């Protein structure tokens with residue numbers, strides 16, 4: 001089973017082709033053939049959930065000047081320049097100077113190799129996609145910009161080039177949602193967790209997201225409006241029971257089979273949570289609140305785990321312990337379509353050379369290895385409250401972790417690692433746990449990870465995607481360290 005996204009992936013992408021206006025009179029039909037190449041690239045990009053803005057052919061400095069205000073007005077997340085044939089860098093220089101978004105040079109020639117026996121200048125010009133790439137990258141550097149990345153290959157039947165285009169589209173999805181996100185921040189830091197402290201202004205400066213300060217008391221009138229015996233709660237219970245297993249307890253005396261009371265509380269809390277995030281127009285939420293012992297508010301805020309796992313899997317990242325940095329990391333991994341569970345390191349398994357990776361919630365249920373489990377917990381260890389807890393291990397195979405930390409200068413830093421999720425027993429404690437295996441061995445890896453200065457939380461996804469995350473970091477101007 002898979003939980004569908006609350007919002008479809010999208011991004012605003014610009015495209016224009018470059019060439020040399022001198023050629024058009026010299027070689028009748030060349031312009032039309034090159035524009036047909038650009039249409040092929042547009043078709044490839046459109047398959048990756050992009051809103052495309054086509055700025056046509058820019059073949060001299062005057063047309064570049066005319067296009068620049070239109071490009072800026074389009075509020076793009078990424079810009080693709082189709083290197084259709086040789087073009088002077090005047091078609092790019094003034095644009096390079098102004099762009100604050102990733103600019104990708106796409107050089108995809110139609111032929112695998114020229115037909116040398118029948119070759120002519122027209123054929124060469126149709127396949128001269130690479131020719132001016134060094135000129136463009138060199139000018140970017142002179143303009144004080146990073147040299148733009150290059151997608152290099154063939155126009156058709158080139159799996160490597162197609163994968164690179166798809167990767168840049170996923171990066172665009174991340175950038176689009178980050179700079180438009182409204183991230184809720186509810187409650188306060190869990191007592192004495194200094195690594196959880198985050199400046200909301202710094203979040204906006206680095207990512208573009210707006211931090212919405214949320215009051216836990218706002219949940220009370222929403223919760224009171226919900227009828228526990230009503231259709232909305234019944235439907236939520238049905239969703240929960242259809243997605244989760246509810247096994248008998250095993251070895252942990254804190255756990256028991258999911259009780260009817262805990263199921264109802266989790267369902268009502270999940271309905272209240274979904275109403276709340278809609279009311280506040282949120283795209284993510286980091287929270288921690290204790291409330292008065294025995295109060296209704298404590299029952300609500302300590303029973304979000306099931307609801308926030310359902311939301312996280314639907315593309316709405318939620319973090320406990322007030323950790324908005326990891327909420328952002330989870331959003332990044334989700335928009336890359338690789339998951340994004342809330343995680344930390346648990347005990348090491350020296351016999352298997354692994355470390356347990358998990359947390360007590362929330363989790364990205366779409367990367368579970370089989371059906372996840374709900375258990376009733378008599379207490380949440382280290383925190384107030386009791387109720388339903390979510391337990392599963394993630395899919396076996398490659399994994400990627402992203403921690404967003406803060407350096408001594410107060411700037412955000414990405415810390416990334418790749419490893420493997422391997423088969424192995426997990427403790428039946430109502431928490432997620434996965435056996436993570438890392439190179440060169442678990443001791444060395446964990447020492448290196450700790451030395452990089454991470455927060456103790458991170459986002460966990462499937463697949464190896466460190467280099468894609470590097471592209472996101474570069475686009476945002478954020479320091480990155482890959483362990």
Say whether the condition of being over 30 Å from residue 83 (Cβ atoms), at pLDDT 95 or above and within 20 Å of the chain's Cα centre (by Cα) is met by at least one residue in region 221-228.
no
I'd like to verify a number: residues in region 156-174 that are closer than 20 Å to residue 38 by Cβ, free of Cβ contacts under 8 Å to residues at least 40 places away in the same chain and assigned to a helix (DSSP H, G or I), how many?
1
Surrounded by fewer than 21 Cβ atoms within 10 Å (Cβ to Cβ), without any contact (Cβ under 8 Å) to a residue 12 or more places away in the chain, assigned by TED's automatic domain parsing to the domain that holds residue 217 and not in a loop (DSSP other than H, G, I, E, B): which single residue out of 256, 264, 235 fits that description?
235
Over region 183-224, the set of residues surrounded by 12 or more Cβ atoms within 10 Å (Cβ to Cβ) and more than 15 Å from residue 324 (Cβ to Cβ) is 216, 218, 219, 220, 222, 223
Some residue of region 173-182 being under 20 Å from residue 81 (Cα atoms), surrounded by fewer than 16 Cβ atoms within 10 Å (Cβ to Cβ) and not assigned by TED's automatic domain parsing to the domain that holds residue 206
no
Can you give me the number of residues within region 423-447 that are surrounded by 15 or more Cβ atoms within 10 Å (Cβ to Cβ), over 23 Å from the mean Cα position of the chain (by Cα) and not in a loop (DSSP other than H, G, I, E, B)?
3
Assuming residue 366 fulfils every condition listed in (1) in contact with a helix residue (DSSP H, G or I) (Cβ under 7 Å, 6 or more places away or on another chain); (2) at pLDDT below 95; (3) not in a helix (DSSP H, G or I) apart from one, which condition is it?
(3)
Against the condition in contact with a helix residue (DSSP H, G or I) (Cβ under 9 Å, 6 or more places away or on another chain), farther than 30 Å from residue 200 by Cβ and part of a loop (DSSP other than H, G, I, E, B), how does residue 227 come out, does it pass?
yes
Filter pass, residue 377 being surrounded by 15 or more Cβ atoms within 10 Å (Cβ to Cβ), at negative phi and touching a helix residue (DSSP H, G or I) at 6+ places or on another chain (Cβ under 8 Å)
no
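So that you can scan it fast, the table gives a plain yes or no per residue for (1) over 26 Å from residue 478 (Cα atoms); (2) without any contact (Cβ under 8 Å) to a residue 40 or more places away in the chain; (3) touching a helix residue (DSSP H, G or I) at 6+ places or on another chain (Cβ under 7 Å):
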{"position": "324", "(1), (2), (3)": "no, no, yes"}
{"position": "331", "(1), (2), (3)": "no, no, yes"}
{"position": "335", "(1), (2), (3)": "no, no, yes"}
{"position": "346", "(1), (2), (3)": "yes, no, no"}
{"position": "350", "(1), (2), (3)": "yes, no, no"}
{"position": "357", "(1), (2), (3)": "no, no, no"}
For region 48-67: of the residues being touching a helix residue (DSSP H, G or I) at 6+ places or on another chain (Cβ under 6 Å) and over 28 Å from residue 335 (Cβ atoms), which is surrounded by the most Cβ atoms within 10 Å (Cβ to Cβ)?
58
Would you confirm whether any residue within region 239-249 is in a strand (DSSP E or B) and either surrounded by 14 or more Cβ atoms within 10 Å (Cβ to Cβ) or out of contact with any helix residue (DSSP H, G or I) (no Cβ under 7 Å at 6 or more places or on another chain) (or both)?
yes
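The values are calculated or read from the model by the stated rules, or taken from the named source; none is laboratory data. Since this is a predicted model, take the numbers as computed values, not measurements. So basically every Cβ, Gly included, is an ideal-geometry build from the backbone, and we count neighbours across all protein chains shown.
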